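A short write-up of the structure that comes next.
Derivation of every value follows stated rules applied to the coordinates shown; laboratory data play no part. Bear in mind the structure is a predicted one, so any value in this text is a computation, not a measurement. Reconstructed Cβ throughout: ideal geometry from the backbone, glycine too, with neighbour counts over all protein chains shown.
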Amino acid sequence: MNYEKTCEDCLKEMFKRVGEKYPNEKLTSQDKWYDKHSWTPEEENDFRNWMTKFLKKKHRWNKKMIESEIAMFLLMWGWKNDPQPWENKK
């Protein structure tokens with residue numbers, strides 16, 4: 001199992017969802033780069049669903065392991081949640 005490749009694939013998808021490319025040295029070299037973008041809870045949940053399917057297919061992990069890995073991934077690298085998404089979506 002190549003855990004680094006899995007993380008890279010998930011980061012590529014996460015960056016794509018906010019209109020960025022990964023790897024992005026300009027962005028990721030900044031302190032707290034993960035605070036530079038945000039997404040709504042619905043967008044995060046959609047990513048969570050994508051990641052669940054991806055991890056099931058790639059690693060065939062059980063549900064508990066997948067949920068744990070996703071929670072840790074989003075805690076460490078996930079975009080911040082947009083507290084008032086209706087203001088930014090006009």
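General remarks:
- The structure-derived value of Rg and Dmax of the Cα atoms in Å appears in the list (i) 22.6, 80; (ii) 12.3, 36; (iii) 13.5, 43 under the label (iii).
- Filtered GluC sites (Glu not before Pro), segment 1-58: DSSP coil and at most 12 other beta carbons within 10 Å: none
- Our analysis of segment 12-62 gives Rg over Rh at 1.04, with the two radii drawn from alpha carbon positions and Rh computed by the Kirkwood formula.
- With K and R counted +1 and D and E -1, the other residues having a Cβ less than 13 Å from that of Thr52 yield a net charge of +3.
- Of all the options Arg60, Arg17, Arg48, the one that moves most in a Gaussian network model of the chain with Cα springs shorter than 10 angstrom is Arg60.
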